[in-house]
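Asks: A single structure is presented below for examination.
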Amino acid sequence: MNASVTAYGFLAAAISCEVVGTALLQRSDQFSRLLPGVGTVLFYALSFYCLSHALKVLPLGIAYAIWSGVGIVVTALIGVALFRQSLDLPALAGIGLIIAGVVVINAFSRSSAH
């Protein structure tokens, strides 16, 4: 398997674990609930582990931009879907800009070439 495909697989796993960890953080009630609190720590640790493997191939700045950008967007959507939080127009515009930034990095930046 191609190293960059594997790196992006690890990056996707890192994003997924970070999003789950963040959702569990919301459920942990400031770490006063044991299982969501432990789950938060475990999923964040697994996220960083997967991110470290992605960094074997991907440049740090590019990997982190994708990890944080996609994580923000997915976490915001989970907030709406699971926690009944709302997003106003400026929040939606900001999320749109984040998505545009990730697309520009992947489509046009030579920095993302490996």
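Asks: Select, from 4, 16, 32, the only residue that is surrounded by fewer than 14 Cβ atoms within 10 Å (Cβ to Cβ) and among the hydroxyl-bearing types (Ser, Thr, Tyr). Give the steps one after another, and end with the answer.
Replies: Details: 4 fails: surrounded by fewer than 14 Cβ atoms within 10 Å (Cβ to Cβ); 16 fails: surrounded by fewer than 14 Cβ atoms within 10 Å (Cβ to Cβ).
The conditions single out 32.
Asks: Inspect all residues belonging to the range 13-21 and state whether any of them is among the acidic types (Asp, Glu) and without any contact (Cβ under 8 Å) to a residue 12 or more places away in the chain. Working first, answer last.
Replies: Pass one, the range 13-21, residues among the acidic types (Asp, Glu): 18.
Among the residues that remain, those that are also without any contact (Cβ under 8 Å) to a residue 12 or more places away in the chain are: none.
Among the residues of the range 13-21, not one is among the acidic types (Asp, Glu) and without any contact (Cβ under 8 Å) to a residue 12 or more places away in the chain, which makes the answer no.
Asks: While we're on this one: Quick check on the range 86-100. Is at least one of its residues in contact with a Gly (Cβ under 9 Å, 6 or more places away or on another chain) and β-branched (Val, Ile, Thr)?
Replies: yes
Asks: Continuing with the same structure: State whether the residues of the range 65-73 include one that is surrounded by fewer than 12 Cβ atoms within 10 Å (Cβ to Cβ) and touching a helix residue (DSSP H, G or I) at 6+ places or on another chain (Cβ under 7 Å).
Replies: The answer is no; no qualifying residue exists.
Asks: Continuing with the same structure: Could you list, in sequence order, the residues of the range 64-107 that are assigned to a helix (DSSP H, G or I), hydroxyl-bearing (Ser, Thr, Tyr) and at pLDDT 95 or above? Steps first, please.
Replies: Initially, the range 64-107 is screened for residues assigned to a helix (DSSP H, G or I), giving 64-83, 89-107.
Checking the rest, the ones that are also hydroxyl-bearing (Ser, Thr, Tyr) come to 64, 68, 75.
The one that is assigned to a helix (DSSP H, G or I), hydroxyl-bearing (Ser, Thr, Tyr) and at pLDDT 95 or above: 75.
Asks: Which of (1) surrounded by 16 or more Cβ atoms within 10 Å (Cβ to Cβ); (2) assigned to a helix (DSSP H, G or I); (3) hydrophobic (A, V, I, L, M, F, W, C) is the odd one out, the single condition residue 57 does not satisfy?
Replies: (2)
Asks: In contact (Cβ under 8 Å) with a residue 40 or more places away in the chain, assigned to a helix (DSSP H, G or I) and in contact with a His (Cβ under 9 Å, 6 or more places away or on another chain): is that true of residue 4 in this structure?
Replies: Working: in contact (Cβ under 8 Å) with a residue 40 or more places away in the chain: yes; assigned to a helix (DSSP H, G or I): yes; in contact with a His (Cβ under 9 Å, 6 or more places away or on another chain): yes.
Yes: the conditions hold for residue 4.
Asks: Spot the failing condition for residue 31; the list is (1) closer than 30 Å to residue 110 by Cβ; (2) assigned to a loop (DSSP other than H, G, I, E, B); (3) not β-branched (Val, Ile, Thr), and only one is missed.
Replies: Just one mismatch for residue 31, condition (1).
The values are calculated or read from the model by the stated rules, or taken from the named source; none is laboratory data. Please read all numbers here as calculations on a predicted model, not as lab measurements. Quick reminder, even Gly has a Cβ in these numbers, built from the backbone with ideal geometry, and neighbours come from all protein chains shown.
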